[in-house]
1. Can you spot a residue in the range 216-226 that is modelled with pLDDT under 90 and under 30 Å from the mean Cα position of the chain (by Cα)?
2. Would you point out which residue out of T423, T394 is among the hydroxyl-bearing types (S, T, Y) and over 25 Å from L235 (Cα atoms)?
3. Give the residues of the range 334-351 that are in a loop (DSSP other than H, G, I, E, B) and surrounded by fewer than 21 Cβ atoms within 10 Å (Cβ to Cβ), sorted by residue number.
4. Give me the pairs: first residue in the range 410-426 and under 12 Å from I308 (Cβ atoms), second residue of a type in the set (D, E, K, R), beta-carbon distance under 9 Å, and six or more apart or on different chains, which are they?
5. Give me a count of the residues in the range 45-73 that are hydrophobic (A, V, I, L, M, F, W, C) and modelled with pLDDT under 80.
6. Which residue is surrounded by the most Cβ atoms within 10 Å (Cβ to Cβ), if the candidates are limited to the range 297-316 and must be more than 28 Å from A405 (Cβ to Cβ) and among the basic types (K, R)?
7. Just one of T320, T267, T294 is within 16 Å of the chain's Cα centre (by Cα) and at pLDDT below 95; which is it?
8. Taking the stated definitions as given, is G404 exposed (fewer than 15 other Cβ atoms within 10 Å of the Cβ), closer than 25 Å to S210 by Cβ and not assigned by TED's automatic domain parsing to the domain that holds G20?
Amino acid sequence: MESGSIAEWNLKEGDAFAAGDVMCSVETDKATVDFEAQDDGIIAKILVRAGPDEIECGQPILVTVEEGDVSSFADFKVEDAPAPKEAEAVPPPETAAPAATPAPAAPVAAPPAPTATGDRVVASPLAHMLAKEMGFSIQSIPGTGPGGRILAADVKEYVPGEEAVAATTPAAAAASTETMLAGPPVQGDGFTDFPISEAAQDIAARLAQSKRNVPHYYLTVDISMDNLLKTRASLNGSLGGKDDEPTLGVYEFLIKAAAGSMKAVPTANASWMDSVVRVYDSVDINVVMGSGDTLCTPVLRDCGRKGIKSISNDLAQAVTFLEGGEEETPAPVSGVGTFTVMNIGMYGVKSCAPIIREPQACALALGALENRIVPSDNEESEEIYKESVVMTATLSCDHRVVDGAVGAQWLSAFKSYVENPSTLLL
């Protein structure tokens, strides 16, 4: 990546942030990615506004401070403060010169050095959190991740006072190299260790943090799928003559029904912001795909204003890219949406209580479609029971944002849309 643009700022000047918070979304020619804070602080000045303007890598986009009044930065410009550039330019030669003089010592001293750039510590959000909980100074912990990044495992294994010895041993250097490469499985006595990628560690850290911070509760409902399947078959019949048109799946209808339910109960399309509840205008839905190291959650933007066919195209594009299909297929949009939908029914699972992904307030899990015997609703029929296709849906809610009554209203609206799919076309 050589350049990009700011798609959206999640924070404004004067807002405080913590390590791991998403400050803004950065858009490239292939994807939109989150820009996360590495430390705690306050945004003093935003230097680049959101928009299509290209920003070269290395160009400052904001000014942060640890604490205090930020009003003095109101008229700040990068040209007004050349001193930091000089400060950043001076240390590298001074650090490199002593290392170059005694040649044998250079390889030994190199591993622990990259843990910080200037005064800024490069560490994962989980590492920051663990260091605070355990009472360690993050600056004193040697990192074994890529470029000296401090990982959660480094914090857990850290022993105060022994970091200098540990960092200079051959075993520490080997461990650092292995972690950077996320090498092959390691066979032990009766077990096998599988190295975890950085992306998988970040996802695990996010989920663990969400489970700790968010007061989850769950609502479950059984939904008849008979009418939806009939509508889907009818629409697919009208598309059947076009070879370049993918057929519509059940998943697309359910995503559209979830987006429609946000219109009926907009409070669910929100986030807890400590002092306020932020309700979003656009329904941006994360869909869960893959598993393990291939797990990803692309965002389907503005599903409330998209038709079912458009949602189907977005899903097909994401699947094609993840399966390593056509090279010209653009990467799916990444980032955090306002709601998450996961389809665990494809694995034959009836129901699931999903973990909410902060800062979202809800997550929906869709179970497998089952043929069940249910009471007949046809008064003219002599049969008391009938066979029906039924799906179980479970909604996880953040009780700070969505209380039980509101969550029930949302799930009732979702059930109504699914059982009367013609209303999705309005």
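1. no
2. On the way: T423 fails: over 25 Å from L235 (Cα atoms).
After applying the criteria, what remains is T394.
3. Residues satisfying the conditions are S334, V336, I344, G348, V349, K350, S351.
4. These pairs meet every condition: Y417/K256; P421/K230; P421/R232; P421/K256; L424/K256.
5. Residues that pass the stated criteria total 0.
6. K306
7. On the way: T320 fails: within 16 Å of the chain's Cα centre (by Cα); T267 fails: within 16 Å of the chain's Cα centre (by Cα).
The unique qualifying residue is T294.
8. When the stated conditions are applied, G404 passes them.
The values are calculated or read from the model by the stated rules, or taken from the named source; none is laboratory data. If you're wondering where the values come from, they're calculated on a predicted model, not measured in any experiment. Don't worry about glycine lacking a Cβ; one is built from the backbone with ideal geometry, like all the others, and counts go over all protein chains shown.
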